[in-house]
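Encoded as structure tokens, the structure appears first; notes follow it.
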Amino acid sequence: MTNRNKTVIYTGVTNDLRKRARQHKDKKDCSFTKRYNITTLVYYESFNCIHDAIAAEKKIKSGSRAKKIALIESINPSWKDLYI
């Protein structure tokens, strides 16, 4: 997720993407995303195993900002909000 200016990229894991994205948009239970107004879902992956999801999250978080931008733009070049 990101904010309107695309200055902050937030990465997280959840078992209910719609619910969690809605919490970010409504600024509930999310102090970091609330502080930086992170409300736009620009990238997501789906996994059957939580261990795989956590491993992917760690890999993304450890990457550079340029790698995160490239990952987002590989599936969402216009940074549209993917929240359904």
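The values are calculated or read from the model by the stated rules, or taken from the named source; none is laboratory data. All values derive from a computational prediction rather than experimental measurement. Note that each Cβ is placed from the backbone with ideal geometry, even for glycine, and that neighbours are counted across all protein chains shown.
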- Looking at the stretch 28-76, which of its residues are over 13 Å from Y10 (Cβ atoms), within 15 Å of the chain's Cα centre (by Cα), in a loop (DSSP other than H, G, I, E, B) and of a type outside the set (G, A, S)? E45, F47, N76
- Task: Check off (1) loosely packed, with under 10 Cβ neighbours inside 10 Å; (2) modelled with pLDDT under 95 for D26 and give me the number that stays unchecked.
- Result: (1)
- Query: Of the conditions (1) free of Cβ contacts under 8 Å to residues at least 12 places away in the same chain; (2) touching a helix residue (DSSP H, G or I) at 6+ places or on another chain (Cβ under 9 Å); (3) surrounded by 15 or more Cβ atoms within 10 Å (Cβ to Cβ); (4) not β-branched (V, I, T), L82 fails just one. Which one is it?
  - Reply: (1)
- Working only within the stretch 8-28, note down all residues that are among the β-branched types (V, I, T) and in contact (Cβ under 8 Å) with a residue 24 or more places away in the chain. V8, I9, T11, V13
